[in-house]
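Novice: Dumping the structure here so I can ask a few things about it.
The values are calculated or read from the model by the stated rules, or taken from the named source; none is laboratory data. This structure is a prediction, so every number in the text was calculated from the model and none was measured. Glycine gets a Cβ as well: all are built from the backbone with ideal geometry, and neighbour counts include every protein chain shown. Surface areas here come from the heavy atoms of the whole protein model, side chains and all, with no ligands, DNA or RNA. Shrake-Rupley method; radii C 1.70, N 1.55, O 1.52, S 1.80 Å.
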Amino acid sequence: MNRYLAIAMLAIMASMSAVAQELESDDLGIFNHGSLSVGVGTTGITADLAFPITPYVGIRGGADIFPFKYSTDLKIEYRNATAQAVLPETVAVEGKLSMTTGHVLFDFYPSKKTSFRFTAGAYMGTDKVAEVYNKEDGVLIAVSAYNRMVPDNQKAGYSLGDYFLTPDDRGNVNGNIKVAKFRPYVGIGFGRPAPLKSRVACSLDLGVQFWGKPEIECQGQELKDENLNGEDGGVVKTISSISVWPVLNFRVAFRLF
């Protein structure tokens, strides 16, 4: 965390240095106009309000929604050929990204007229960012009943690395990915989210959220690296090692006053 704060402090110091050299006492421009921005990018659909604190520093706050879902069929593994003949072969599952967040960002400009900026701030949201679950509630209740009658080495389910995923007692399977609720952000950008003169302006953000090491859970149990050494655990193991989320957003700002 210290290195992220150091980057933000360097940006602040650079902006304050520019203020000391160029800013005149009658040109503070503190909250003298504001804008509404809407955009799209790797944080989903975003909207925020932006205001200048000075010509060198701006602040914006808003929300991001990521309404993305996908569906697929999961093949069930049977260790008993007789059971495979009478029980479901696949289960329809649905996955969704739950990356709804709020954000507060500070923009720092090297000079009064430039549109290039450094940005530091944070995104905040729930810790669960992705979920996978069966689409029809209780669809695997027969598989759950079968598993209760046989020894562990004959149960039906799905291999995820060295972890064998079986439906719960209600006939459901589920998994999710969790990250930090508070995610520091640093980046650069082009364009002023609160335009100085134009009524409509475009801007671009490029940076990263730092959300820590993701936790992978299946049926309420956290999967450790040692659970993911098998053939089908590679993808999940890779996901659990990604500690940042890339941010690339394009916005259109509409000046309000």
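Novice: Consider Glu89 against the criteria (1) over 20 Å from Gln209 (Cα atoms); (2) modelled with pLDDT of 90 or more: it satisfies all of them except one. Which criterion is unmet?
Specialist: (2)
Novice: So Asn80 ticks every box in (1) surrounded by 15 or more Cβ atoms within 10 Å (Cβ to Cβ); (2) in contact with a helix residue (DSSP H, G or I) (Cβ under 8 Å, 6 or more places away or on another chain) but one. Which box is left unticked?
Specialist: Looking at each condition in turn, Asn80 falls short on (1).
Novice: Further question on the same structure: Taking region 181-203 as the region of interest, how many residues are under 20 Å from Met99 (Cα atoms) and assigned to a strand (DSSP E or B)?
Specialist: 6
Novice: Would you mention how many residues in region 209-243 are part of a helix (DSSP H, G or I), under 30 Å from Leu105 (Cα atoms) and either among the aliphatic types (A, V, I, L, M) or at pLDDT 90 or above (or both)?
Specialist: So the answer is 1.
Novice: Something else: Restricting the search to region 63-77, which residues are under 15 Å from the mean Cα position of the chain (by Cα) and either in a strand (DSSP E or B) or surrounded by 14 or more Cβ atoms within 10 Å (Cβ to Cβ) (or both)?
Specialist: Ala63, Asp64, Ile65, Phe66, Phe68, Lys69
Novice: Those residues that are under 27 Å from Leu165 (Cα atoms) and either touching a residue at least 60 places away in the same chain (Cβ under 8 Å) or surrounded by 20 or more Cβ atoms within 10 Å (Cβ to Cβ) (or both), I need them from region 177-213; list them, please.
Specialist: Of everything in region 177-213, those that are under 27 Å from Leu165 (Cα atoms) and either touching a residue at least 60 places away in the same chain (Cβ under 8 Å) or surrounded by 20 or more Cβ atoms within 10 Å (Cβ to Cβ) (or both) turn out to be Ile177, Val179, Trp211.
Novice: Checking Val132 against (1) among the hydrophobic types (A, V, I, L, M, F, W, C); (2) at pLDDT below 90; (3) assigned to a loop (DSSP other than H, G, I, E, B): exactly one of these is not met. Which one?
Specialist: Checking Val132 against (1) among the hydrophobic types (A, V, I, L, M, F, W, C); (2) at pLDDT below 90; (3) assigned to a loop (DSSP other than H, G, I, E, B), the one that fails is (3).
Novice: Does any residue of region 136-144 turn out to be crowded, with 20+ Cβ neighbours inside 10 Å and of a type outside the set (Gly, Ala, Ser)?
Specialist: yes
Novice: Modelled with pLDDT of 90 or more, assigned to a helix (DSSP H, G or I) and among the aliphatic types (A, V, I, L, M), is that true of Ala145?
Specialist: yes
Novice: Across region 31-57, what is the number of residues that are open to solvent by less than 10 Å² (accessible area, probe 1.4 Å) and either of a type in the set (Gly, Ala, Ser) or under 22 Å from the mean Cα position of the chain (by Cα) (or both)?
Specialist: Here the count works out to 8.
Novice: Okay, next question. Hey, could you check region 160-180 for residues that are within 25 Å of the chain's Cα centre (by Cα) and assigned to a loop (DSSP other than H, G, I, E, B) and say which is modelled with the lowest pLDDT?
Specialist: Gly161
Novice: So in region 83-93, with the set limited to residues that are more than 25 Å from the chain's Cα centre (by Cα) and open to solvent by less than 40 Å² (accessible area, probe 1.4 Å), which one is farthest from Lys178 (Cα to Cα)?
Specialist: Ala83
Novice: Might you check whether a residue that is on the phi < 0 side of the Ramachandran plot, at pLDDT 80 or above and out of contact with any Leu (no Cβ under 8 Å at 6 or more places or on another chain) occurs anywhere in region 2-16?
Specialist: Among the residues of region 2-16, not one is on the phi < 0 side of the Ramachandran plot, at pLDDT 80 or above and out of contact with any Leu (no Cβ under 8 Å at 6 or more places or on another chain), which makes the answer no.
Novice: Out of the residues in region 94-122 meeting the condition of being among the aliphatic types (A, V, I, L, M) and surrounded by fewer than 20 Cβ atoms within 10 Å (Cβ to Cβ), tell me which one is nearest to Pro167 (Cα to Cα).
Specialist: Per the criteria, the residue is Leu97.
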